[in-house]
1. Could you run the Karplus curve 6.51 cos²θ - 1.76 cosθ + 1.60 with θ = phi - 60° over the range 111-127 and give me ³J(HN,Hα) per residue in whole Hz, x for Gly and Pro?
2. Could you derive backbone 3J(HN,Hα) for the range 385-394 from the dihedral phi with the Karplus parameters 6.51, -1.76 and 1.60 (θ = phi - 60°), listing whole Hz in sequence and x where the residue is Gly or Pro?
3. For a test of the definition: using alpha carbon positions, the gyration tensor, and the 1.5 limit on a/c, classify the range 266-425 as rounded, prolate or oblate.
4. Would you calculate a helix-derived [θ] at 222 nm for the chain, using -39,500 (n - 2.57) for each DSSP H run of n ≥ 4 and dividing by the full residue count, to the nearest 500?
5. Which whole-number percentage describes the relative contact order of the range 299-392, with Cα contacts under 8 Å and a sequence gap of 6 or more?
6. Computed FRET efficiency, Cβ-Cβ of Thr380 and Asn136, R0 51 Å: what is it to the nearest 0.05?
7. Rounded to the nearest 0.05, what FRET efficiency is calculated for Ser294 and Asp215 with R0 set to 56 Å and r the Cβ-Cβ distance?
8. Within the accessible area of the range 288-369, what % is carbon and sulfur when the probe is 1.4 Å and the other protein chains stay in place?
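The values are calculated or read from the model by the stated rules, or taken from the named source; none is laboratory data. On a predicted model such as this, the values are computed, not experimentally measured, just so you know. Positions of Cβ are backbone-derived with ideal geometry, glycine not excepted, and every protein chain shown enters the neighbour counts. Accessible surface is based on the protein model in full, side chains and every heavy atom, while ligands, DNA and RNA are left aside. Shrake-Rupley method; radii C 1.70, N 1.55, O 1.52, S 1.80 Å.
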Amino acid sequence: MKKVISIILCAAMLIAATLAVVPVAAAGTLNISTTAKVSDPLEGTGTLTVTLTVKENTGVNNLVVELGYNANTLELVSVTNGAVFTEENEGSLSVVNTETNPAILYFEHNSVGNVTATGKLATVKFNIIDDMGEFNIVPEIDKENTFAADGNVPVDIDAVITNDITKNTQHVTTGLPTTIPPTCTEPGRIEKRCTTCNKLISSVISGEPLGHDWDEIDRVESTVFEEGYIEYECLNCGETRREILPKKAPASLNGTYKLDGDKLTLNLNLANNPGINTLVAKLGYNSDALSLDSVTNGNVFSEANGGSMFQVNTANNPLVLFFEENGISNISANGTLATLVFTVKDADADFGFVLAVDEDNTIACGDGYVPVNVPFSASTVKELTVIPGDVNGDGKVNAVDGNLLKKIVLGTITATAEQQEAGDLNGDGKINAVDSNLLKKLILGVN
């Protein structure tokens, strides 16, 4: 009996000794954290990037992560492997199932070893399709399929994943709305913004734009040579604007003549005068039909205006008329430049009038008394079929014509062709306040 007990004790001691040398695999540790970053573009609702990071890792052979999210708020775009299960570490992100929610990320060691690296595990990118909703990111580890390897033997590990995504996408609007008063160009608004991120939640128009209140602060008149401008400043907001004044129309010199028996009286009329120091005009005519009797200076380069008809070359055809201001200034008057009287030798012949300005020798005194050429429009000579100033066509020039011309200038009536010709006293092809003023002088007998 003692012998049997001894044998049993020896066997038990041998088994115990054998068990003492068999290693027992200890549970490993895997610690993963989850963070997120929202990127807000200038337009749209932005993107959400979720980063999975391995913080602690004693070794893992197989890792399955499930990532749940709110599909009403987020749209999964991509999954990118990180630096843990890389080829260099003999690992890979072997399977990604984004068709399900939660999405499944399957990482594995490419043999029977373990990956012990730490760092970025994966990056998951979402489009935010509703920035008023919750993300509801729920990361979990499939512990049944996550293990370490001890040779060919799977070993359970203590795998933990923490969710550090604390961003709440439900905007906080508990603060008071902000009233933004209207400006000159923008309407007033009542805005509500998120008190956490300052995102605009709502905006309601509360008043129409005020509109600018422009005040003229500077003016440079245009000339025939350069554009002018008017500078304005808004009394409400201080904004400034500039209104361009177009160049004035070129000066014009045109002739009108009237037949009276065998006498023809031709007036040369200057309009749109920008200021002239010296003017040279040339008048050609049919000397077989006309003979020149006299040339008389008009009101433009008169002595009263400090000017003179300096020279008339009657020996040549075309006739040359030379006018000048008697100093180094400019004369800006409009009206009659000269009156010429001809004797008609052949009433049936073409009078052949050709009027032109010698622009090379027609100048104004510019800054520093520098001569400046004066541009002119093309000149014409035509017969007067009406009496100048006789706007109503009754053969007389009086206050009735003045009143009618005023209505034409104001646009209350439209001029007929005859009224246009009779009322265009300065011969510039237009009826305006200048003609109305000339008619007043004509009625009063003022030159």
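1. 9, 9, x, 10, 8, 10, 6, 10, x, 6, 8, 6, 10, 10, 10, 10, 8
2. 9, 10, 7, x, x, 7, 5, 8, x, 9
3. Values: a/c = 2.15, a/b = 1.20, b/c = 1.79.
Taking the square roots of the gyration eigenvalues as a ≥ b ≥ c, the range 266-425 is oblate.
4. On the way: 4 runs with 50 residues, N = 447.
Dividing the helical sum by the residues of the chain leaves -3500 deg cm²/dmol.
5. Numbers: 91 pairs, mean separation 18.6, N = 94.
Relative contact order, the range 299-392: 20 percent.
6. Details: r = 87 Å, r/R0 = 1.71.
E between Thr380 and Asn136, to the nearest 0.05, is 0.05.
7. Details: r = 55 Å, r/R0 = 0.99.
E(calc), rounded to 0.05, equals 0.50.
8. Numbers: 1820 of 4170 Å².
Solvent-exposed carbon and sulfur of the range 288-369 make up 44 percent of the total.
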